[in-house]
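Note sheet for the following structure.
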Amino acid sequence: MAKAHEQIAQLEELQTKGKAMMKTMAMAAELLEPVPKSVVLACLTNNMPSGVSLLELKLTSKEAKPSISRTSAASQYQAASAAAEAQQAYIPKERLLQTNIEIKGIAPSDIEVANYIARLGASELLTDVALVESKEHKMDATKFREFKLTAMLKTDRRLTKEDIEGIRAQSGKTI
């Protein structure tokens, strides 16, 4: 009985250590960015047509909420019970971050702005690129367009070292 009690105590101690290690691992995973901000900036600058300049850039990240399908009560119950089981098993879920990008810049004309939007829309990293505002301004005799864009970083995109090296190699070709 004493041996069994000692083994149970050791098992409980190992379980508590395992839980602590899982929490530490989950916190470390949250600190890692799926797409480094320097790569996002490189994507934005490498896709700029000639004559376009960035004035402001704002990146805001928030935790993306998982979408729940409203098909039936049974499927919602199953989803809730699966989430509860995962929480009880202390399995860390990967956090999905939704990163919104606000871009403010200037361009010689609407053609360059449209070209920039098209290039960003075709990017591997961005989605939902949209024009918010475009105004004509005049400084001395020069006319230019001030524009505001919004975009989102793809939530399912994770970059590897090879991807980053490919982006760096591509940046030398596009400039």
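The values are calculated or read from the model by the stated rules, or taken from the named source; none is laboratory data. Only a predicted model underlies this, so the values are computations on that prediction, with no experimental measurement involved. Every residue, glycine among them, receives a Cβ derived from its backbone with ideal geometry; neighbour counts consider all protein chains shown. With ligands, DNA and RNA removed, areas are computed over all heavy atoms of the protein, side chains included. Shrake-Rupley method; radii C 1.70, N 1.55, O 1.52, S 1.80 Å.
Can you sort Leu59, Leu120 by 1.4 Å-probe accessible area, starting with the largest? Working shown, then result.
Values: Leu59 60, Leu120 0 Å².
Of Leu59, Leu120, the descending order of accessible area is Leu59, Leu120.
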### Summary
Counting only residues 5 or more apart in sequence or on a different chain, those whose built amide H sits under 5 Å from that of Ser109 are Arg145
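Expressed in nm to one decimal, what extension gain is obtained for the pair Glu12 and Leu41 from 0.36 nm per residue of sequence separation less their Cα-Cα distance? Before the final figure, lay out the partial values.
Values: separation 29, 0.36 × 29 = 10.44 nm, distance 4.81 nm.
Working it through step by step, the gained length comes to 5.6 nm.
Which order do His5, His137 take by accessible area at a 1.4 Å probe, largest first? Each step should come with its number before you reach the end.
Working: His5 135, His137 60 Å².
Ranked list, largest accessible area first: His5, His137.
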### Task
Quick one: accessible surface of Lys19, probe radius 1.4 Å, all protein chains present, in square angstrom to the nearest 10.
80 Å²
### Query
Modelled label-to-label distance, Leu57 and Glu136, 7 Å Cα→beta-carbon offset: nm?
3.0 nm
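Working with all protein chains in place, sort Lys154, Lys135 by solvent-accessible area computed with a 1.4 Å probe, largest first.
Sorted descending by solvent-accessible area, the residues read Lys135, Lys154.
Suppose R0 equals 35 Å; then what is the FRET efficiency for Asp156 and Ala4 from their Cβ-Cβ distance, rounded to the nearest 0.05?
Working: r = 48 Å, r/R0 = 1.38.
E(calc), rounded to 0.05, equals 0.15.
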